[in-house]
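Asks: Got a structure here, written out as structure tokens. Questions coming.
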Amino acid sequence: NFLLQAGLRYNQFVLDATFDTSFYPFPFTTANLDDGALTGSLGFVYRPTEEWVISANAATAFRSPNVDDVGKVFDSEPGSVVIPNPSLEAEYAYNADLGITKVFGDVVKIDLTGYYTLLQNALVRRGYTLNGLDSIEYDGTLSQVQAIQNAAVAHVYGVQAGVKVKLPSGFGFSSQFNYQKGEEELDDGTTSPSRHAAPSFGVSRLTYTANKLNLQLYAMYSGEKK
């Protein structure tokens, strides 16, 4: 009735970029990343009866800055320009979740999971300077200089709930909903909403199955991302 799983992994990542300063007067000509990350996970699933399932997981993870993060110039919106940042470091995540599932006969299944993630060195877009200037002329428009940077710390937490119901005559209904929040610490010690957390979202489905026919009527929905 008890299943335990553990894993360990080592990753090495290398990035070597050379910049052409003839088009943009960058104060740097190269960007180099050469680092490693040890990640692991530990989780279990416990089935005390046929109707109950309890699961928990703890894990670490990382994301290395990619070529776009370190070296791409792009205009994300009018009046803003994102420039390369050659001093980026990998972001690390520490995750934990706890889930419970209950089955009522052979008709209804309900599950609920809570989770929490701590991000260190989270990669976020913030105001930046180029040659001491916080705004430059870009594509004929005075644009605020921004860059992907390592935030001090970020938190993402939320819950996921689901229900699945078997209805008569081949019909069925299922619905899943996710609610999460995130906040990141700014350089001045204050916090702001984090781009790492999606808005609330979910999906509901009405299904019909008969012989080789499968029909679905479903709706997908999402909250606002300010």
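Asks: Taking residue 164 and the conditions (1) part of a strand (DSSP E or B); (2) of a type in the set (D, E, K, R); (3) out of contact with any Lys or Arg (no Cβ under 9 Å at 6 or more places or on another chain); (4) more than 21 Å from residue 95 (Cα to Cα), which numbered condition does it fall short on, given that it satisfies the others?
Replies: (3)
Asks: Does residue 81 satisfy the criteria of being buried (at least 17 other Cβ atoms within 10 Å of the Cβ) and either in contact (Cβ under 8 Å) with a residue 24 or more places away in the chain or outside any strand (DSSP E or B) (or both)?
Replies: Values: buried (at least 17 other Cβ atoms within 10 Å of the Cβ): yes; either in contact (Cβ under 8 Å) with a residue 24 or more places away in the chain or outside any strand (DSSP E or B) (or both): yes.
It is true that residue 81 is buried (at least 17 other Cβ atoms within 10 Å of the Cβ) and either in contact (Cβ under 8 Å) with a residue 24 or more places away in the chain or outside any strand (DSSP E or B) (or both).
Asks: Could you figure out which of (1) open to solvent by less than 40 Å² (accessible area, probe 1.4 Å); (2) not in a loop (DSSP other than H, G, I, E, B) isn't true of residue 58?
Replies: Of everything listed in (1) open to solvent by less than 40 Å² (accessible area, probe 1.4 Å); (2) not in a loop (DSSP other than H, G, I, E, B), residue 58 misses just condition (1).
Asks: In addition: Restricting attention to region 20-46, which residues are open to solvent by less than 30 Å² (accessible area, probe 1.4 Å), of a type outside the set (A, V, I, L, M) and touching a Gly at 6+ places or on another chain (Cβ under 7 Å)?
Replies: Within region 20-46, the first condition is being open to solvent by less than 30 Å² (accessible area, probe 1.4 Å), and the residues that meet it are 26, 31, 33, 36-37, 39-40, 43.
Right, trim to of a type outside the set (A, V, I, L, M) and you get 26, 36, 39-40, 43.
Listed by number, the list holds a single entry, 40.
Asks: What residue, of 195, 205, is open to solvent by 30 Å² or more (accessible area, probe 1.4 Å) and touching a residue at least 40 places away in the same chain (Cβ under 8 Å)? Don't jump to the end; show me each part of the working.
Replies: Values: 205 fails: touching a residue at least 40 places away in the same chain (Cβ under 8 Å).
Unique residue meeting the criteria: 195.
Asks: Now for a separate question. So if I check each of 75, 16, 20, which one is outside any loop (DSSP other than H, G, I, E, B), at pLDDT below 90 and over 25 Å from residue 196 (Cα atoms)?
Replies: None of the others qualify; the one that does is 16.
Asks: On the basis of being under 14 Å from the mean Cα position of the chain (by Cα), open to solvent by 30 Å² or more (accessible area, probe 1.4 Å) and of a type outside the set (Ser, Thr, Tyr), does residue 181 make the cut? Don't jump to the end; show me each part of the working.
Replies: Numbers: under 14 Å from the mean Cα position of the chain (by Cα): yes; open to solvent by 30 Å² or more (accessible area, probe 1.4 Å): yes; of a type outside the set (Ser, Thr, Tyr): yes.
In short, yes.
Asks: Hey, another quick one. List every residue pair whose Cβ atoms lie under 7 Å apart, where the two residues are 6 or more positions apart in sequence or sit on different chains, the first residue falls within region 118-144 and is within 24 Å of residue 195 (Cα to Cα), and the second residue, located anywhere, is of a type in the set (A, V, I, L, M, F, W, C) and open to solvent by 80 Å² or more (accessible area, probe 1.4 Å).
Replies: Final answer for the pair search is 135/142.
Asks: Residues of region 93-152 being of a type in the set (Lys, Arg) and under 29 Å from residue 60 (Cβ atoms), which ones? Working first, answer last.
Replies: Filtering region 93-152 down to residues of a type in the set (Lys, Arg) leaves 102, 109, 125-126.
Those that are of a type in the set (Lys, Arg) and under 29 Å from residue 60 (Cβ atoms): 125, 126.
Asks: Anything in region 91-133 that is more than 18 Å from residue 68 (Cα to Cα), among the small types (Gly, Ala, Ser) and open to solvent by 40 Å² or more (accessible area, probe 1.4 Å)? List them, or say none.
Replies: 96, 105, 132 - these are the residues of region 91-133 that are more than 18 Å from residue 68 (Cα to Cα), among the small types (Gly, Ala, Ser) and open to solvent by 40 Å² or more (accessible area, probe 1.4 Å).
Asks: Among 145, 156, which is in contact with a His (Cβ under 7 Å, 6 or more places away or on another chain) and closer than 28 Å to residue 31 by Cβ?
Replies: Numbers: 145 fails: in contact with a His (Cβ under 7 Å, 6 or more places away or on another chain).
Going through 145, 156 in turn, just one is in contact with a His (Cβ under 7 Å, 6 or more places away or on another chain) and closer than 28 Å to residue 31 by Cβ: 156.
Asks: Scan region 153-188 for residues that are closer than 20 Å to residue 63 by Cα and of a type in the set (Ser, Thr, Tyr) and report the count.
Replies: The number of residues fulfilling the criteria is 1.
The values are calculated or read from the model by the stated rules, or taken from the named source; none is laboratory data. A quick note: this is a predicted structure, and the numbers were derived from the prediction, not measured. As a convention, Cβ positions derive from the backbone with ideal geometry for all residues, glycine included, and neighbour counts pool all protein chains shown. Areas reflect the complete protein model, heavy atoms only, side chains present, ligands, DNA and RNA absent. Shrake-Rupley method; radii C 1.70, N 1.55, O 1.52, S 1.80 Å.
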